[in-house]
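Single-structure report; data block below.
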Amino acid sequence: MNLATALAALPADAPLCVAFSGGGDSMALLHAVAATRPAKLRALHVNHGLQQSSDDWARRCASFCDGLGVQLTVVRVQVDGASGQGPEAAARDARYAAFAAHLGEDEVLLLAHHRDDQVETVLLKLLRGAGPAGLGGIPSSRPLGRGRLLRPLLNVPQAQLRQYLDRHRLTPVEDPSNADHAIARSYLRAEIVPRLARHWPQAAESIVHAANASAAAADFIEGNWRQACQALDRGGALDAAGWLALHEALRVPLLEAWLHGRGLRAPTTAQRRQLEAQIAHAAADRVPCVGWRDTEVHVWRGGLHAVRRHPPPPAHWEAPWNGDALTVPGGAMLQAEAGSSLPGLTVRLRRGGERIRPAGEAHTRELRDLFQRDAVPPWRRQRLPLLFIGPELVAVPGLWWSTEALPWIESVHVAHVND
């Protein structure tokens, strides 16, 4: 496919926004779109602040857009260097978050990824042991923010973009990281892909063809695991035995999507296998837990329950409480309605042996028995805020309260954050 054909397929009436880094690929795309579709066109530049010349790049992008008569929005982002995923991935996350935040209603964001980018991506995924979804490479489009992301050049060789730059005498920004062979993609681009092309001249076409076949297979698999996910849903939990019985081709992406939908991270292969072993071999009276980074998956009452990992609450923590917003160690938030009349309360966490007589019941009972009777998840029990008047437990907000708490308990609200 050539550049003109690719641009002719752009949506006819949608407003367009080109992600413009100042590099050669995005410069060719922006210049070509501005020449053919100047109406409803703008550009968006993300300044990561990772290079000394980042601000100069932004100024050069602004100057280029001024020359085209295209409005440019410059967004400065903070890259989370402590995320543990590496600088490239952290910068990508920050960039796409900025894209999503600044995309208008029904606006189409154009990215300049081309066929050579697709080849490099598929090779990188292959070397990392990816399955069909990863080997499908870069998707041509997907929803993003209030609009949609589109990559119109995925079938266009980069050589055509370079020819376009030369023909129009355009001078792009040169990112020094492109020459850093310590970066896997840069090494592939400079050393491996040219050797493949010399030995197999059709290598790029073959790899892209394989990527398209993998993407089709991944779409088929996704339809099946999504259907299975609906069947295995247990009110936010996942049927453990049913998940384990799935073919691995469905089991792995289903778990990853289920966790990502809760804002949690997917496990490594070793961690997933540990979870599978716990489901298969744990005794019925046990509550296995497999954790990684910020995520825990508990196996309880036949279900998988995914929660955010919290540090252990401090021993013997307690605090006086007058109804103002109070963050309780372990993730809970307490607050009473404005103007509420509360007695002198102390908030504690569970220490063991606490007892309460719930309003309407004849006997005082240990919290341990109430937890089991009312199926309170074990991982939440140590983090529940307990309300005391003096030495007496009078309420576990949202669960049980004594007769003494009846006049004011309805004004108390508790939220379990990231639970």
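The values are calculated or read from the model by the stated rules, or taken from the named source; none is laboratory data. On a predicted model such as this, the values are computed, not experimentally measured, just so you know. We place every Cβ from the backbone using ideal geometry, glycine too, and count neighbours over all the protein chains shown. Just so you know, the surface numbers come from the protein's heavy atoms only, side chains and all, with ligands and any DNA or RNA stripped out. Shrake-Rupley method; radii C 1.70, N 1.55, O 1.52, S 1.80 Å.
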Filter pass, Ala338 being within 33 Å of the chain's Cα centre (by Cα) and either within 30 Å of Gly261 (Cα to Cα) or not basic (Lys, Arg) (or both): no
Every residue from the range 179-214 that is touching a residue at least 60 places away in the same chain (Cβ under 8 Å), of a type outside the set (Gly, Ala, Ser) and in a helix (DSSP H, G or I): Arg185, Leu188, Arg189, Ile192, Val193, Ile207, Val208, Asn212
Failed condition for Val307, given (1) in a strand (DSSP E or B); (2) open to solvent by 60 Å² or more (accessible area, probe 1.4 Å); (3) touching a Phe, Trp or Tyr at 6+ places or on another chain (Cβ under 8 Å): (2)
Number of the condition not met by Gly49 [criteria: (1) at pLDDT below 95; (2) within 23 Å of Arg151 (Cβ to Cβ); (3) surrounded by 14 or more Cβ atoms within 10 Å (Cβ to Cβ); (4) in contact with a strand residue (DSSP E or B) (Cβ under 9 Å, 6 or more places away or on another chain)]: (2)
Filtered residue count, the range 341-371, keeping only those that are over 24 Å from Pro314 (Cα atoms) and either surrounded by 14 or more Cβ atoms within 10 Å (Cβ to Cβ) or in contact with a Cys (Cβ under 7 Å, 6 or more places away or on another chain) (or both): 5
Inter-residue pairs, beta-carbon under 6 Å, first under 12 Å from Trp321 (Cα atoms) and in the range 335-346, second of a type in the set (Asp, Glu) and surrounded by fewer than 17 Cβ atoms within 10 Å (Cβ to Cβ), 6+ apart: Thr346/Glu318
Residue check, Glu410 open to solvent by 70 Å² or more (accessible area, probe 1.4 Å), at pLDDT below 95 and more than 39 Å from the chain's Cα centre (by Cα): no
Tally of residues being in a strand (DSSP E or B) and either open to solvent by 40 Å² or more (accessible area, probe 1.4 Å) or hydrophobic (A, V, I, L, M, F, W, C) (or both) across the range 266-295: 3
Selected residue (only one of Val156, Val252, Val193 is under 24 Å from Trp300 (Cα atoms) and either β-branched (Val, Ile, Thr) or out of contact with any His (no Cβ under 6 Å at 6 or more places or on another chain) (or both)): Val252
Those residues of the range 243-293 which are basic (Lys, Arg), without any contact (Cβ under 8 Å) to a residue 24 or more places away in the chain and closer than 20 Å to Trp379 by Cβ, in sequence order: Arg272, Arg286
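Listed here are the residues, each with its yes/no results for (1) outside any strand (DSSP E or B); (2) at negative phi.
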| site | (1), (2) |
| --- | --- |
| Glu361 | yes, yes |
| Leu370 | yes, yes |
| Ala375 | yes, no |
| Phe388 | no, yes |
| Leu393 | no, yes |
| His413 | no, yes |
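Determine whether Leu153 is free of Cβ contacts under 8 Å to residues at least 60 places away in the same chain, closer than 18 Å to Ala43 by Cβ and open to solvent by less than 30 Å² (accessible area, probe 1.4 Å).
no
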Unique residue being free of Cβ contacts under 8 Å to residues at least 24 places away in the same chain, open to solvent by 30 Å² or more (accessible area, probe 1.4 Å) and within 30 Å of Ala204 (Cα to Cα) when the list is Asp25, Asp93, Asp56: Asp93
